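Working notes, beginning with the structure itself.
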Amino acid sequence: MEDLYQVGAITQTHGIKGEVKVFPMTDDVSRFKNMKGLILDTGKERITLEVTSARPQKNLVILKFKEYDNINDVERFKGCGLYVTKENRVKCQKDEYFIADLIDMTVIGDNGVSYGNVCDVITTGANDVYVVKTPENKEILFPAIKDCILDVDLDKGEILVHPMNGLLD
């Protein structure tokens with residue numbers, strides 16, 4: 001089965017012309033415009049949708065899907081997740097990564113020490129923080145800054161880090 005990545009969740013309908021309100025799970029809501037490979041998971045089935053319009057509204061996005069022109073057509077979509085396949089994800093810029101791709105990557109120090117695997121990523125205002133679970137079941141927090149994260153090799157599944165002073169205390 002292909003990997004799916006959640007980009008939003010339908011919260012409710014909007015108006016009577018088949019629009020829905022979506023809580024976005026992406027940092028750029030403009031990504032929804034003209035999206036063709038959006039997958040709606042109803043729990044019973046998966047429906048591929050094409051977005052014909054998208055506009056922000058406060059912390060939500062109003063979406064309209066091709067061939068769904070009535071509130072009755074989309075009423076059953078409330079509470080359902082919206083996903084994309086790996087191929088349909090937006091392309092990351094240099095030194096940007098999807099959190100889902102970082103989870104379970106092995107973290108190795110520039111001193112050759114293997115610290116464990118990434119189990120979570122904390123998003124802060126300044127920078128992300130990689131949470132690494134050690135073999136002893138402890139957690140080490142590595143800030144995602146150039147002085148600490150030296151290289152991310154998605155193909156090898158490894159992150160090379162420089163453990164800054166005080167980080168391992």
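None of the figures in this text is laboratory data; all of them are computed from the coordinates on show. All figures in this text were calculated on a predicted structure; none of them were measured in a lab. Cβ coordinates were reconstructed from backbone atoms using ideal geometry, including for glycine residues, and neighbour counts include every protein chain displayed.
Neighbouring Cβ atoms within 10 Å as the yardstick, rank 19, 50, 45 fewest first.
The most exposed by this proxy come first: 45, 50, 19.
Kindly put 113, 84 in sequence by how many other C-beta atoms sit within 10 Å of each C-beta, fewest to most.
113, 84
Return the FRET efficiency for the residue pair residue 119, residue 66: r is the Cβ-Cβ distance, R0 is 35 Å, and the value is rounded to the nearest 0.05.
0.35
What is the sum of charges around residue 105, taking Lys and Arg as +1, Asp and Glu as -1, for the other residues whose C-beta is under 10 Å from the C-beta of residue 105?
Value of the local net charge: -3.
Which value, in debye to the nearest 20, gives the size of the charge dipole of the chain about its Cα centre, when Lys and Arg are +1 and Asp and Glu are -1 at the Cβ?
Details: 21 positive and 28 negative charges, 208 e Å.
It works out to roughly 1000 debye.
Could you give the distance between the Cα centres of segment 116-169 and segment 69-114, to the whole Å?
After rounding, the separation between the Cα centres reads 19 Å.
Could you point to the residue in 90, 57, 43 farthest towards the positive end of the chain's charge dipole, with +1 and -1 charges on the Cβ of Lys/Arg and Asp/Glu respectively?
The listed residue farthest towards the positive side: 57.
Could you work out how much longer the chain between residue 78 and residue 57 gets when fully extended? Use 0.36 nm per residue separation minus the Cα distance between them, nm to one decimal.
My answer for the length gained is 5.8 nm.
Scan segment 3-38 for trypsin sites (Lys or Arg not before Pro) in coil per DSSP, keeping those whose Cβ has at most 14 other Cβ atoms within 10 Å, and list them by number.
Working: sites: 17, 21, 31, 33, 36; in loops: 17, 33, 36.
Taking segment 3-38 and a limit of 14 other Cβ atoms within 10 Å, the loop trypsin sites (Lys or Arg not before Pro) found are 17, 33, 36.
At 0.36 nm per residue, and after removing the present C-alpha to C-alpha distance, how many nm does the segment from residue 17 to residue 153 gain when stretched out fully?
Here the answer is 44.4 nm.
At residue 93 and residue 33, where each label point lies 7 Å from the Cα along Cα→Cβ, what is the point-to-point distance in nanometres?
My value for the distance between the label points is 1.8 nm.
Take the chain, connect every pair of alpha-carbon atoms lying under 10 Å apart with a spring to form a Gaussian network, then pick out the residue of 143, 135, 56 with the largest mean-square fluctuation.
135
Given points 7 Å out from each Cα along the Cα-Cβ axis, report the residue 160 to residue 134 separation in nanometres with one decimal.
2.3
Kirkwood Rh over Cα pairs of the chain into Stokes-Einstein at 25 °C, 0.890 mPa s: D in µm²/s?
Answer, rounded: 136 µm²/s.
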